[in-house]
Amino acid sequence: MASPESAVNGPTMTAGAASKSLRNAFGGVIAFIILVLIGVLAFSIRLFSVIKYESVIHEFDPYFNYRVTQFLSKNGIYDFWNWFDDRTWYPLGRVIGGTVYPGLTLTAGTIWKVVNSLNIPLSVETVCVFTAPIFSAFASWAAYLLTKEVKGPGAGLTAAALLAMVPSYISRSVAGSYDNEAVAIFALVFTFYLYIKTLNTGSLFYATLNALAYFYMVCSWGGYTFIINLIPMHVLLCIVTGRYSSRLYIAYAPLVVLGTLLASLVPVVGFNAVLTSEHFASFLVFIIIHVVALAYYIKGILSPKMFKVAVTLVVSAGLAVCCAVIAILIAVVASSPTKGWSGRSLTLLDPTYASKYIPIIASVSEHQPPTWPSYFMDINVLAFLVPAGIIACFMPLTDSSSFVILYIVTSVYFSGVMVRLMLVLAPAACILSGIALSEAFNVLTRSIKFQLPGIAGNPSIASEENGSSTVVAPNDIPKTEEAAKEKPAKKNRKKEKENVEKKPTPSKTEKRLLVLPLEASVIAVLLLVLLGAFYVVHCVWAAAEAYSAPSIVLTSHSNDGGLHVFDDFREAYSWLSHNTDVDDKVASWWDYGYQTTAMANRTVLVDNNTWNNTHIATVGTAMSSPEKQAWEIFHSLDVKYVLVVFGGVVGYPSDDINKFLWMVRIGGGVFPHIKEPDYLRDGQYRIDAQATPTMLNCLMYKLSYFRFVETDGKGFDRVRRTEIGKKHFKLTHFEEVFTTHHWMVRIYKLKPQRNRIRGKTKKSKSSRSVSSKRDVRGKRNPWH
Amino acid sequence: LSLSQVENTGKAAASDVLLAFPPTEAEHLAEVKAQAASGKKRKKTYAHLIVEPTDVPDAPNGAKGFRLALHNPLSPGETTTIEVLYMLTHSMEPFPAEISQSDPQLVYYRDSAYILSPYRIKQQTTFIKTPSTNVQSFSRVEPTNRAGMELKYGPYEDLPAYSYSPVLVHFENNNPFAVVEELVREVEISHWGNLQITEHYTLAHGGAKLKGVFSRVDYQSRPSASGVSSFKNLLARLPPRVHSVYYRDEIGNISSSRLRTDSRKSELEIEPRYPLFGGWKSTFIIGYGLPLEDFLFESTDGKRYLNFTFGCPLSGTVVDKLTLKVVLPEGSKDPSAVIPFPVEEHMETKYSYLDVVGRPVLVLEKKNVVPEHNIPFQVYYTFNPIFMLAEPLMLVSTVFFLFASCVAYLHIDISIRKG
């Protein structure tokens, strides 16, 4: 892997600073070749998962997308829109066509169809596995285009190279990670590019393309609301700062009209495109921009005096109307319980919202706020380059650079709320770091170049060169601009300025500094290259070690260096699919729903599309109830098998016992007889001898630890690092039918109802209860 | 599946000899071989006889007949010795049909004490060998003897034609009943030097069904006492010089396999994802590549022929239905197969990488395949090597036209406005 990266990185950075003549002659060709290489790099760095593991779909959600794609490729697009899936959410079912963002599946389905019509027999799975790497290559090209619009091709190439291997994005787009984000990041960056392009050119052609790109984004990911809020914010910013222009109008108005119309064509969005509060900002700004446009137009035709009169008239009348409209809007919005916001959006606006009201959203680990190390892990040195890039964007501040600044600021906030949204931050960080690096190299290489003829000359400014390269970069932007403009007279100018710069006070020197001393520049270039190298090493490490595991196969290295594979999940799913009846229902916690339907092809009660809280709470309640009640709940839902994931034998930490408190919480949220404190001893969650009886008698405990003690004689749980509390017990309503090789998945079957002999059961039951009552009384009975 | 092998020595007087099988056996008949023996003991020489199915006009209850053609017609009064070997699949029935994990597997074997024959039999003895000494019960058709692992019925004298006397033997048989319910093998010939074989297996355990619980604790801690009739690994014998072997199923790679190669053979030891108990099923795919020069030859008349092994590479299994597809390269003509036993044949077309007209596929189907069918067969076809260049040329011309159109686009002014 090392050689292509260095090959790509070297020319990328030098190209940014390549001399003007070379750029003119070969610039286009070199940039094209570099872009191709960046694409190859983006694709190949994501193949570690295939090389180290296998070409297989990863994790949970991708399995659902894979299954939908299979359905699409088998049954065609019309059946796909009308697909009612009866293999999930039993007995409710789920309308897949209307509740899924179809962009990813349609993309992969189209690729599959095209490839197969050319008689290249790739399986649907292969296409799905490689969709994400292909689109990350596209995304880095889109980043090139966007940054090029903002700060020129040098910055563009640097940003593209950075985005090609930013770990945050790699984590979501390795081969096999077939999720919406894989195509959505490309769509996001490309939409932004087209917006900036329209803003810079004022071309209606690009505005239309922009609406189409936005449509693709709406198709692919719920994160499209980020676009439809960020762009209005930027428009508003431009208006407020007096940067309104007809280009801004063309960039914005068609996007809102066409974009909203197109967005409402996507079934999962539908009328939400005009009804929910997420889209409200875009319409408000749409009105504002029209008012502003009208004002500018009137200003153009009227004389200044008349205009003043008109302004006073319109403002007084307009204010009244506006107040009325806003009052109505607020009333409408406030009348809905969630203020018209969806739960996830509210979580973003109020980070504590989910943990208070929606435990399902809070229970997902990727919805937690990130820790500081995760920033360093996911964007690495970019975190330090971003501030430099922001400063570079401020000099000079253009429409497009203000957009990039707004983008980074908002995405930093969102990434601080949810780990998952680090993904939105990554392109912004890459773009800004690309700008910073490129500007820095521009300055440094230029100063080296100008000083090379007269090396001996000027050691005088060596005093203040020690600032880090990132600080150096912004200082010198005006100089580069000037230098670019006044090329012919450069030599003379430079001498003059050096003279000027020697004379005045140090503070002035710093400000007018145009050329850095040679040694400083050389050192700074070396340091920057070192920084880049460090970034590359980190990215390759992250891609190879941290983010490539498919999570359905686990591996561990034994002491002698051998590789031990834990393939228990697929063992269990394969067993289910071959040895149970096609229509059997399998109950498990919702994490395993998608995998069970996709790999085992069995009907599940709940899955990762957590649309029905009550249903999930029912399963959670069953898992936290004693055996008999659980059996009754499951039996009433027609369940035949119960699947639990148990890591106690091999030390697999994300098993059901560790997730169990969420089951209790979610179950207790709907069925109040499940109380979280019953499962905790003094506020502590434990399964050893100190655990509460409710805990030791609940179904999840029993199914996880059934006959566990016989493995080692003590029942030592390697995840919790303790001996279990209740060791020997029997199951009365469930029977073990399958346990995988490392015990990671255990499948139980509900025992059939006991044969009822007419009249006898009731009697025996009643007599038993009576007798037991008598026993109780008996102790107090004086005759005994 | 262990097979009962019944050897029969008959004496007859005609130019050909008829054999008869009851209809239940005829359904599962995998193979019938016959040879005529001549000479005394230890100096016996055998001559293979041709066996072909015929209709027996006066056979009772739909018994099926086979005709043996003798090399030298027998004149009346002369005698000859014929040895007939036939193999049945699924001839044992587990009883009890469902057992729990710790139980041994008991099976019934049904047969007749007398051999079904259209001729009068002067004298006959039947031996039944069981795999273990644990025989629960057996029918008695006097005289009947049991000694160790062998049951002896007879000798019986002077039996009329088509006499039948059912016997039932109930004994322990813990051999894993690995049944490949369906096997589709695809042999794809590429004249660029590779032979790609893909085998789709549907494997089942044909023995007594597992009743109720499967306990991993018992299976792991007491391997000798628990699940004795289950099996967890299989051995596939592949040709030597095999490469790019993979073993997977529809949800991905199966990591539990081991390949051993030497110069004469390759052995692939595979474990299904889970141990197979009675009634459990599993599916998997094995694929591998072979060097073409080991299998493809040119015959004297200019035709090419593929010489490959029929049957199933898994040892110790029977295949209920085997479909063997030989995918010939695009542009080859007149395929014909030479196989030493009867199979069903038809043609298909397959479109693979960048095919235009498609590749001809010769499909061979056979039911009840046993390891004795692992013998070479040949597929002859004609092929013009110019077709090998079709796909590279197609790619080259596509790229050429792409560049040509780019050049054209850059140099032609197609704007409406002139000047």
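Looking only at the stretch A:99-119, count how many residues are modelled with pLDDT under 90 and touching a Leu at 6+ places or on another chain (Cβ under 9 Å).
Here the count works out to 2.
Restricting attention to the stretch A:387-440, and to residues there that are over 29 Å from A:Ile250 (Cβ atoms) and of a type in the set (D, E, K, R), which single residue is farthest from the chain's Cα centre (by Cα)?
By that ranking, first place goes to A:Glu439.
Residues to consider are B:Ser221, B:Ser163, B:Ser215; find the one that is among the small types (Gly, Ala, Ser) and crowded, with 18+ Cβ neighbours inside 10 Å.
None of the others qualify; the one that does is B:Ser215.
Name the strands (runs of 3 or more DSSP E) wholly inside the stretch B:163-254 in which the number of residues that are within 14 Å of chain A (Cβ to nearest Cβ) is 2 or more.
Qualifying strands (runs of 3 or more DSSP E): B:178-190, B:194-205, B:243-249.
If you go through the stretch A:608-623 one residue at a time, do you hit one that is within 14 Å of chain B (Cβ to nearest Cβ) and buried (at least 22 other Cβ atoms within 10 Å of the Cβ)?
Looking for residues that are within 14 Å of chain B (Cβ to nearest Cβ) and buried (at least 22 other Cβ atoms within 10 Å of the Cβ), one finds none in the stretch A:608-623, hence no.
Go through the stretch A:114-156 and report how many residues are within 14 Å of another protein chain (Cβ to nearest Cβ) and more than 20 Å from the chain's Cα centre (by Cα).
So the count comes out to 13.
Cβ contacts < 6 Å: first residue under 10 Å from B:Leu116 (Cβ atoms), restricted to the stretch B:18-33; second residue of a type outside the set (A, V, I, L, M) and in a strand (DSSP E or B), any location; separation 6+ or different chain. Result?
Pairs found: B:Leu19/B:Phe66; B:Ala20/B:Gly65; B:Phe21/B:Lys64.
I'm told A:Lys730 meets every condition in (1) surrounded by 21 or more Cβ atoms within 10 Å (Cβ to Cβ); (2) within 14 Å of another protein chain (Cβ to nearest Cβ); (3) part of a loop (DSSP other than H, G, I, E, B) except one. Can you identify the failing condition by its number?
Exception for A:Lys730: condition (1).
Across the stretch A:45-59, what is the total count of residues that are within 14 Å of another protein chain (Cβ to nearest Cβ), surrounded by fewer than 24 Cβ atoms within 10 Å (Cβ to Cβ) and touching a helix residue (DSSP H, G or I) at 6+ places or on another chain (Cβ under 8 Å)?
Qualifying residue count, the stretch A:45-59: 4.
Kindly evaluate A:Gly242 against the criterion of being without any contact (Cβ under 8 Å) to a residue 24 or more places away in the chain and either out of contact with any Cys (no Cβ under 7 Å at 6 or more places or on another chain) or assigned to a helix (DSSP H, G or I) (or both).
When the stated conditions are applied, A:Gly242 passes them.
Tally time: how many residues in the stretch B:111-157 are small (Gly, Ala, Ser), free of Cβ contacts under 8 Å to residues at least 60 places away in the same chain and in a strand (DSSP E or B)?
3
All but one of (1) surrounded by 24 or more Cβ atoms within 10 Å (Cβ to Cβ); (2) without any contact (Cβ under 8 Å) to a residue 24 or more places away in the chain hold for A:Phe205; state the number of the condition that does not hold.
Here A:Phe205 meets the rest and fails (1).
Keeping to the stretch A:558-596, report how many residues are outside any loop (DSSP other than H, G, I, E, B) and either within 11 Å of chain B (Cβ to nearest Cβ) or under 21 Å from B:Gly252 (Cα atoms) (or both).
22
Scan the stretch B:295-317 residue by residue and report those that are outside any strand (DSSP E or B) and either touching a residue at least 60 places away in the same chain (Cβ under 8 Å) or buried (at least 18 other Cβ atoms within 10 Å of the Cβ) (or both).
Passing the criteria: B:Phe295, B:Ser299, B:Gly302, B:Lys303, B:Phe310, B:Gly311, B:Cys312, B:Pro313, B:Ser315, B:Gly316, B:Thr317.
Can you pull out every residue in the stretch B:346-398 that is among the β-branched types (Val, Ile, Thr), within 14 Å of chain A (Cβ to nearest Cβ) and surrounded by fewer than 14 Cβ atoms within 10 Å (Cβ to Cβ)?
Correct list: B:Thr349, B:Val356, B:Val357, B:Thr398.
Among the residues that make up the stretch B:198-207, is at least one of them under 30 Å from B:Glu293 (Cα atoms) and aliphatic (A, V, I, L, M)?
no
If you go through the stretch B:318-329 one residue at a time, do you hit one that is in contact with a Ser or Thr (Cβ under 8 Å, 6 or more places away or on another chain), without any contact (Cβ under 8 Å) to a residue 24 or more places away in the chain and not in a strand (DSSP E or B)?
No, because not a single residue in the stretch B:318-329 is in contact with a Ser or Thr (Cβ under 8 Å, 6 or more places away or on another chain), without any contact (Cβ under 8 Å) to a residue 24 or more places away in the chain and not in a strand (DSSP E or B).
Given the options A:Val745, A:Val737, name the one that is within 14 Å of chain B (Cβ to nearest Cβ), crowded, with 20+ Cβ neighbours inside 10 Å and touching a Lys or Arg at 6+ places or on another chain (Cβ under 7 Å).
So the residue among A:Val745, A:Val737 that is within 14 Å of chain B (Cβ to nearest Cβ), crowded, with 20+ Cβ neighbours inside 10 Å and touching a Lys or Arg at 6+ places or on another chain (Cβ under 7 Å) is A:Val737.
Which of the residues spanning the stretch A:685-714 are within 14 Å of chain B (Cβ to nearest Cβ) and closer than 29 Å to A:Ile633 by Cα?
Within the stretch A:685-714, A:Leu703, A:Ser704, A:Tyr705, A:Phe706, A:Arg707, A:Phe708, A:Val709 meet the criteria.
Of the numbered conditions (1) surrounded by 20 or more Cβ atoms within 10 Å (Cβ to Cβ); (2) within 13 Å of chain A (Cβ to nearest Cβ); (3) of a type in the set (A, V, I, L, M, F, W, C); (4) under 21 Å from A:Ser55 (Cβ atoms), B:Ile286 fails exactly one; give the number of that condition.
All conditions pass for B:Ile286, except number (2).
Name the residue that is nearest to the other protein chains (Cβ to nearest Cβ), counting only residues in the stretch B:255-283 that are more than 29 Å from B:Ala208 (Cα to Cα) and part of a loop (DSSP other than H, G, I, E, B).
Ranking the qualifying residues of the stretch B:255-283, first place goes to B:Asp262.
The values are calculated or read from the model by the stated rules, or taken from the named source; none is laboratory data. All values reported here derive from a predicted model rather than from experimental measurement. All Cβ positions, glycine included, derive from the backbone under ideal geometry; neighbour counts span all protein chains shown.
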